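Reviewing the structure listed below.
A short reminder: the numbers here are calculations on the coordinates, not readings from a lab. Note that this is a predicted model, so its numbers are computed, not measured. Backbone-built Cβ (ideal geometry, glycine too); neighbour counts: all protein chains shown.
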Amino acid sequence: MKRFSLTWPKVAIFSVTIIGMAGLLTLNMSTTQTIQETSSYLVQGHKALNAVTRIGGQVTHNLPIINAVAANLTDIQIDSLANEGLTISPNASLQADSAHMLGQRINFSPASATRMTKANELHAAGIYGDGVTMVVMDSGVKSMNGLRHDAFGRHRVYGTYNAITNKINQNDDEESGHGTHVASVALNSERDINNNFYGIAPNTRLISVKAFDRYGQGSYADVIRGIQWSIYYRDSYNIRLLNMSFSAQAQSYYWDDPLNQAVMKAWQAGIVVVASAGNRGASPGGIGVPGNVPYVITVGAVTDNYTPDDYSDDRLATFSSSGPTFERFVKPDVVAPGGHLMGVMESKMQLASEHPEYHDGGKYFMMSGTSQASSVVSGVVALMLSANPGLTPDDIKCRLLSSAKPARKADGSWAYPPFQQGAGQVDAVAAVNSSATGCANQGLDIGKDLDGSMHYAGHVMLNESGAFYLRGNESATWDGSYSSGGYTWSDTSAWNDTSAWNDTSAWNDTSAWNDTSAWNDTSAWNDTSAWNDTSAWNDTSAWNDTSAWNDTSAWNDTSAWNDTSAWNDTSAWNDSAVGINTWVAQE
């Protein structure tokens, strides 16, 4: 039995904090009756629903997608279920990734994202994203002009599935403003003063899945239920992609996280998942859940530096989270415009009322964050699928990465390491015209990952000086620093420089780690007892102390993997909130 305990700190993006749903049984103060507190947990395993029902737990969500239920349980009930061999984890809270703001008026702001990505060139060629449905999982979407109809005036919003109430709404269901803004960046059919569309894919159809409240808070159970609904109705509505502009701090291996398991199910079902990297800044190890899933497309942010006509000074946004992941994968995969982007939002929405200086007094609002960057990439994916409907999620990822343009210095060297810019900035024209295949998620088997028979690691290593590098390409090193300069994002693809990062190894195949003595002893991964002992999950200090990324011993010494004390504190799971990325300053 595994009993997990995770803490999900608030992040900079419209942050997704999953807050535990706790209840308190009525107490008759005139008696000595014992107070029994209940909290919301995810219970996974064979016949979990029957087991929870049998002991009197209050089931709130049935989540067959991950073989689980969410239920309000007492400590006694938790112990009873644990003794039956079921896996129990708190219904963690999420917080959306919110934006950075600057104090300037925003009237007549140009549609910079469509130009930076070259999506405007595809629009000129008649590629608008027709025939594709996008799910925006967020705080809801207000059906405003620019969203309600596509570029040709056709109604294109199916409605909202409220994963919190488990109901379908045809009317608007949005109080935050975050979801509306994210959807607008991807899909807005209105044009700027230069006749460019504000949205990347102005003809793509929209379904809103509401999993966060007006403050950007949600729960794992609600998000998982929203993913489950999207998979179930994939064929009915031609759902081809899912935008997830939220991020929570990773507190377990990617494969053990229940939300990540649902995300992998969506990818396996043929839905392209685009996730924000998070707004935790440029320090190493900042990629959150679900962006740490190796299969999905994880997006960081760049800014035009407030010079939309000068491409030579564009730079990585300071708030954009960097990799690598704990499992040594390069993340983010790509970067996209995420600085001071314009989108529709009513002035009465929560975000607009908190930051009125970024509202233009009409219906447009300025936001920054990897939430916005991920929606830009979702728009590009919609254009790719519209032009070539037969592409699989792996095909989409392959073509996005192989056609991306990295920032380079004057001498041709990388301005930012792949752990900050991934393969580079997305190029919509190059991605749509690409014929690349078989270059994404190589060596990964999502079926084996989901059934637990195999898990995977990337090829990020540490050298003797403590710098990160890609195995097979030691020239691409990074000491954890950030460069604030502006650079040209080259027309030369990064793929030939960094193709090594796309190679993976199984956790139980240590032959892939011959660079370091730490991986020469296979006993650490061949002894299953390390996974069956719940004490291995009880101390979260390994995830909460950033020194874990600065101390090279964690990467070079096998003792780091043989000592289960790193996972021994269940308190990490006691904060059960999830939220969209937290607010960041405009860039």
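Give the lysines reachable from Lys118 as a straight Cα distance under 16 Å; neighbours fewer than 8 places away on the same chain don't count.
Cross-link targets: Lys405.
Please say if region 102-433 is rounded, prolate or oblate, where rounded means a/c under 1.5 for a ≥ b ≥ c the square roots of the C-alpha gyration tensor eigenvalues, and otherwise the choice is prolate for a/b larger than b/c and oblate otherwise?
Numbers: a/c = 1.24, a/b = 1.04, b/c = 1.20.
Cα axes put region 102-433 in the rounded bin.
In which sequence would Tyr253, Tyr469, Tyr220, Tyr161 go, from the one with the fewest C-beta neighbours within 10 Å to the one with the most?
On the way: Tyr253 16, Tyr469 21, Tyr220 36, Tyr161 24.
In increasing order of surrounding Cβ atoms, one gets Tyr253, Tyr469, Tyr161, Tyr220.
Any chance you could tell me what percent of the C-alpha pair distances in region 366-468 go past 22 Å?
47 percent
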